[in-house]
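Below is one structure, written out as structure tokens; comments come after it.
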Amino acid sequence: MNQTPLGLFGTDALIPDEDRAIRDTVRRFVEEKLKPRLADWYESAQIPARELSRELGSLGLLGMHLEGYGCAGTSATAYGLACMELEAGDSGLRSLVSVQGSLAMYAIWKHGSEEQKQEWLPRMAVGEAIGCFGLTEPDFGSNPAGMRTRARRDGDDWILTGTKMWITNGSVADVAVVWAQTDDRIRGFVVPTDTRGFSAPEIKKKMSLRASVTSELVLDDVRVPATAVLPGAAGLSGPLSCLSEARFGIVFGALGAARDCLETTIEYAGDRQIFDKPLAAYQLTQAKLADMTLELGKGMLLALHLGRLKDAGKLEPAQVSLGKLNNVREAIAIARECRTILAAAGITLEYPVMRHANNLESVLTYEGTSEVHQLVIGQALTGQAAFR
Ligand SMILES: Cc1cc2nc3c(=O)[nH]c(=O)nc-3n(C[C@H](O)[C@H](O)[C@H](O)COP(=O)(O)OP(=O)(O)OC[C@H]3O[C@@H](n4cnc5c(N)ncnc54)[C@H](O)[C@@H]3O)c2cc1C
């Protein structure tokens with residue numbers, strides 16, 4: 001029997017049994033329940049987000065690495081492996097789970113009041129309530145410190161005004177964690193999306209992450225009570241702490257997309273007859289497959305290493321940048337190389353490779369672009385901040 005790319009690396013031996021069991025459950029769910037529907041969701045740019053989040057919640061995947069409030073409390077590595085399996089389906093699925101668990105829920109879990117946690121986390125963990133995370137603005141993506149969204153006091157209340165852009169889950173969310181500039185510092189607000197003045201028009205015509213809801217958030221004098229502010233977050237470190245969580249999931253997730261491309265391609269190359277033998281029997285094809293396997297395996301070793309550091313409470317943000325930069329960059333290179341092996345067939349939705357490649361364009365950009373992660377790593381190496 002042939003080896004799978006990661007089977008050849010033997011990386012399963014590095015994964016604790018309990019984490020592997022979680023991974024296998026998610027893999028089965030994605031294979032059986034989601035993969036048959038993904039191409040259609042992608043083509044129609046419609047996903048049944050509410051139904052999906054309930055299913056993901058019933059599997060314990062929402063906020064799974066958080067403790068208490070109905071969350072599963074798994075290891076960080078198990079969370080990463082779940083992200084990998086979800087993204088082997090589609091980056092849009094993983095985005096739904098990342099934004100729910102690592103951005104919206106984590107913000108409340110880490111920085112919220114006990115009242116906010118009790119109100120939102122148990123419902124979010126089972127997928128009854130969907131969350132989104134509004135940091136990026138039309139004019140401020142890589143530099144969120146410049147944000148124009150304002151929160152001003154009015155008696156005990158706060159009034160929020162501004163526009164957020166490219167917000168995953170925005171139009172389907174029940175609750176938005178919104179970051180805004182106050183007279184003092186940037187603060188986070190927990191905003192129920194049925195609050196007067198809040199709207200979330202969906203962004204259409206995307207060529208990437210089509211099986212994911214992406215929205216604008218419009219805050220037109222949205223009045224929230226004093227209890228809406230996240231008490232534990234003041235300044236940009238609040239949202240950045242959440243981004244570090246989500247980036248960690250992407251370190252694994254992107255490899256899921258790459259693995260799916262590579263496994264699909266190896267099977268295709270075995271079946272496809274070119275001239276008088278299978279495409280897999282040509283040296284040029286095998287060189288491509290070998291090189292892609294190397295990058296996938298190295299990325300997996302890096303992901304598992306970072307997972308172990310995170311589980312030991314020793315993971316630094318710059319180390320997450322190493323993983324995000326490398327693994328997304330290599331994943332997109334693998335997806336594109338696989339497309340060359342599938343040739344014309346590779347451009348269709350019959351095969352997942354171009355869908356993954358297109359999705360990975362977004363993954364390369366969100367949660368810090370490649371350039372931003374290069375700058376983070378550069379700063380760690382030189383002590384010089386070169387962001388501006
Ligand atoms: C599908 C999708 C979903 C998203 N979901 C969310 C979400 O849920 N919540 C949220 O808040 N945001 C979300 N985002 C936004 C995402 O985080 C931003 O797009 C990202 O931070 C980049 O911002 P930008 O697109 O404005 O690019 P810009 O910041 O305008 O960057 C443009 C280019 O300049 C480069 N650049 C930036 N700074 C420097 C520098 N100092 N030196 C050299 N080059 C630099 C960038 O790397 C990039 O190549 C999402 C984006 C997408 C595409």
Problem set entry | Translational diffusion of region 126-193, µm² s⁻¹ [Kirkwood Rh, Cα pairs; Stokes-Einstein; 25 °C; 0.890 mPa s] | 196
For this session: Would you mind giving the three semi-axes, in whole Å and largest first, of the ellipsoid equivalent to the chain according to its Cα gyration tensor?
Result: 37, 21, 20
For this session: Considering the options Ser53, Trp109, Thr149, tell which one lies farthest towards the positive end of the dipole of the chain, charges being +1 on Lys and Arg and -1 on Asp and Glu at the Cβ, about the Cα centre.
Result: Thr149
For this session: Return the calculated 222 nm mean residue ellipticity for the chain, to the nearest 500 deg cm²/dmol, obtained by summing -39500 (n - 2.57) across DSSP H runs with n ≥ 4 and dividing by the residue count.
Result: -16500 deg cm²/dmol
Seminar exercise, completed: Counting only residues 5 or more apart in sequence or on a different chain, those whose built amide H sits under 5 Å from that of Leu66 are Ala72, Gly73, Thr74
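More than 23 Å apart: what percent of Cα pairs in region 284-388 qualify? Before the final figure, lay out each step's value.
Numbers: 2078 of 5460 pairs.
Of the Cα pairs, 38 percent sit more than 23 Å apart.
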Seminar exercise, completed: Pairs over 24 Å Cα to Cα, from Lys110/Lys310; Lys164/Lys205; Lys164/Lys204; Lys117/Lys314; Lys204/Lys288; Lys205/Lys298, come to Lys117/Lys314; Lys204/Lys288; Lys205/Lys298
Seminar exercise, completed: In terms of the charge dipole of region 184-250, which places +1 on Lys and Arg and -1 on Asp and Glu at the beta carbon, the residue among Ser244, Ile186, Gly197 farthest towards the positive end is Ser244
For this session: Divide, for region 181-281, the radius of gyration over alpha carbons by 2.2 N^0.38 Å, where N is the residue count.
Result: 1.80
Problem set entry | Note, ³J(HN,Hα) from phi for region 361-368, Karplus 6.51, -1.76, 1.60, rounded to Hz, x at Gly and Pro | 4, 5, 5, 5, 8, 7, 6, x
Seminar exercise, completed: Going residue by residue through region 330-344, the Karplus relation 6.51 cos²θ - 1.76 cosθ + 1.60 with θ = phi - 60° gives ³J(HN,Hα) values, rounded to whole Hz and with x marking Gly or Pro, of 6, 5, 5, 5, 5, 4, 5, 5, 4, 4, 5, 6, 6, 6, 4
Seminar exercise, completed: Taking the square root of 5λ for each eigenvalue of the C-alpha gyration tensor of region 168-226, the equivalent ellipsoid has semi-axes, largest first and in whole angstrom, of 24, 13, 10
Seminar exercise, completed: With DSSP loop assignment and no more than 11 other C-beta atoms within 10 Å, the chymotrypsin sites (Phe, Trp or Tyr not before Pro) in region 198-305 are Phe275
For this session: At most 15 other Cβ atoms within 10 Å and a DSSP loop assignment: could you name the GluC sites (Glu not before Pro) in region 292-380 that fit?
Result: Glu350
Problem set entry | Kirkwood Rh, Cα atoms: Rg over Rh of region 59-184 | 1.00
Seminar exercise, completed: Ranked output for segments 15-24, 62-71, 186-195 by mean other Cβ atoms within 10 Å, highest leading, reads 62-71, 186-195, 15-24
For this session: Name all residues of region 207-244 having a backbone nitrogen under 15 Å from the label point set 7 Å from the Cα of Arg148 along its Cα→Cβ direction, giving them as ranges.
Result: 217-221
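A short reminder: the numbers here are calculations on the coordinates, not readings from a lab. Just so you know, these numbers come straight off a predicted model, no measurement behind them. As a convention, Cβ positions derive from the backbone with ideal geometry for all residues, glycine included, and neighbour counts pool all protein chains shown.
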